[in-house]
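K.L.:
One structure, pasted below without further comment.
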Amino acid sequence: MFGGTDAVVEALRQDNSGIGAKPYSGSNVHPGRRLLRNQILFFSDAFSKSSLDELVPRFVQSLKTWCEASDEIGTEWVEKSDLYEFVRDVLFDCNVDSFFGKSLRALNPNLSADFWEYDDNIGFLATPKPRWLNRRAVLAMERCHAAMKRWRKNAVDESAKRTISDDAAWDPAWGLGAIRRRNKLLDATEGLFDEHNRGSIDLALLWSLTSNVIPASFWYLFEVLSSEGLLARAVKEIEKQKQNDPDTNDPVLDSTERTTTPLLEAIYAETVRLHVITLITRTVKKSYSVEGWILPQNQNVIVSSQIEHMSRQWDSPDGKHPSSEFWPDRFLLPESSDTIDEEEKFSLEGRQGQWIPFGLGEHMCPGRHFAKQEMIISFAVLTHFFEFELLTPPGWRPDNDLSRYGFGTQQPKQKVPFRVRRRTS
Ligand code: HEM
């Protein structure tokens, strides 16, 4: 998928040491080649508090700057052919700049177009089919890989010119300081990560960062716009957050506390329930029996989130809201039964193993908290600056395009025409 050499694939296959600080007993992998452990170490650095304190405000600022500067959208309605493309193109740039720094796009002006062509073909690239069956897919991947190498070479050259404290959360050449620090882990892999394979691991990072959360942010905005009365409820909740902070008049929800309001979280949980389809893969370590089935040791198993997310367990108790409907209120419970002015709280109570858009257990997605913030912030900022109206029939929703089945968030199958104008107050 990311253009790494066979040696990397083989090293991943050989890594039976687990993710813990101590390798599993019986594993004899070279300490520098504990690739899954390295991934955990990198992501706990990249999503540490000090790193997020750098990343999230940068993302917000980047999106605000785009909204303020976009002179194509004035106070008169402008019709556009596809809301997904609109959201995708804006968020990709903001994501990339706030994670990798500005040089990645500056050095590769065609990155966004190349990346989405590559991502559209990820299903093909993930299989061992002969590459000549889809040359365009391979060429798109190669262009993205070359872009990451160009960025890395520039970062290495720039780093040689200045000294940055080793624990700095941000490095102008590398973006997040964690990305520069990851080089130490790569250096210790006994030559496995040469320049080519470093380009691949950088491409893997770019793909993880953008390919799921961007379509999910589109669905968040789309579902709110298309559900009667929901936009007003969501905007009211955002306004309440702003009033909690008298110092700012901004649309900014730049901290975890301010994005975790019950309704905004419920919309997020419902969005990923309906639009994320992931195949969670595991190997059975010890023979196990479940409801009369035996899972023998070493058996590979796959669980589809779609089966869990679309099952009748999600129908509302009164039968009015089936699992196929977008209805965020299924995640809202009364805060306490003895208050008159009942507040609601967001709850996943009793949903363990039923709500699994980010997987579960020790391999659960390390980017999930950031993904939630990005989805909610993107919605808050875009609707603060702009008014959106769907030009689609009431109640219509595009299908999930199942060509990315198993890879996470599905893209919309049909285009979503809309109109947009700048808010004046
Ligand atoms: C809406 C957005 C996202 C969705 C739906 C999503 C979903 C998933 C799922 C289902 C898994 C597999 C979990 C398992 O096997 O139990 C996963 C793993 C992973 N995700 Fe995400 N993800 C999202 C965003 C992100 C972001 C923003 C990043 C980081 C920049 C990220 C990085 C990763 C990594 C590195 C893994 C592999 C973890 C491991 O195997 O230990 N994801 N993600």
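The values are calculated or read from the model by the stated rules, or taken from the named source; none is laboratory data. All values derive from a computational prediction rather than experimental measurement. Cβ placement follows ideal geometry from the backbone for every residue including glycine, while neighbour counts extend to all protein chains displayed. For accessibility, only protein heavy atoms count, side chains too; no ligands or nucleic acids. Shrake-Rupley method; radii C 1.70, N 1.55, O 1.52, S 1.80 Å.
K.L.:
Tell me, what % of the accessible area of the chain is carbon and sulfur with a 1.4 angstrom probe?
P.N.:
The computed percentage sits at 52.
K.L.:
Moving on. Which whole number of Å³ per residue matches the convex hull of the alpha-carbon atoms in the chain?
P.N.:
Here the figure is 183 Å³ per residue.
K.L.:
Return the single residue from Glu54, Glu270, Glu362 with maximal mean-square fluctuation; model: Gaussian network over the chain, springs between Cα atoms under 10 Å.
P.N.:
Glu362
K.L.:
Using a/c under 1.5 as the rounded threshold, could you call the range 125-242 rounded, prolate or oblate? The axes a ≥ b ≥ c are square roots of the C-alpha gyration tensor eigenvalues, and prolate needs a/b larger than b/c, oblate otherwise.
P.N.:
oblate
K.L.:
Can you tell me, using C-alpha contacts under 8 Å and at least 6 residues apart, the relative contact order of the chain as a whole percent?
P.N.:
Averaging sequence separation for qualifying contacts and normalising by length gives 21 percent for the chain.
K.L.:
So, by mean Cβ neighbours within 10 angstrom, what's the order for 408-415, 122-129, 210-217 with the highest one leading?
P.N.:
210-217, 408-415, 122-129
K.L.:
Let me make sure I get this right: for the range 369-425, a, b and c are the square roots of the gyration tensor eigenvalues over alpha carbons, sorted descending. Under 1.5 in a/c it's rounded, otherwise prolate if a/b > b/c, else oblate. Which is it?
P.N.:
oblate
K.L.:
Which residue fluctuates most in the GNM of the chain (Cα springs below 10 Å): Val60, Val78, Val284?
P.N.:
Greatest mean-square fluctuation among the candidates belongs to Val284.
K.L.:
Taking the dipole about the Cα centre of the chain, with the C-beta of Lys and Arg at +1 and of Asp and Glu at -1, give me whichever of Pro317, Val9, Ser81 is farthest to the positive side.
P.N.:
With unit charges placed on the Cβ atoms, the residue in question is Val9.
K.L.:
Provide the per-residue ³J(HN,Hα) series for the range 355-371, in order, calculated from phi with Karplus coefficients 6.51, -1.76, 1.60 and θ = phi - 60°, each as a whole number of Hz, with x at glycine and proline positions.
P.N.:
10, 10, x, 10, x, 6, x, 6, 9, 4, 4, x, x, 5, 5, 5, 4
K.L.:
Which of Pro357, Pro398, Pro296 moves most in a GNM of the chain, Cα contacts under 10 Å?
P.N.:
Of the options given, Pro296 has the highest mean-square fluctuation.
K.L.:
Here's another thing I want to ask about it. Percent relative contact order of the range 111-180, based on C-alpha pairs within less than 8 angstrom and at least six residues apart?
P.N.:
Dividing the mean separation by the residue count of the range 111-180 yields 24 percent.
K.L.:
Let me make sure I get this right: for the range 33-139, a, b and c are the square roots of the gyration tensor eigenvalues over alpha carbons, sorted descending. Under 1.5 in a/c it's rounded, otherwise prolate if a/b > b/c, else oblate. Which is it?
P.N.:
Verdict is oblate for the range 33-139.
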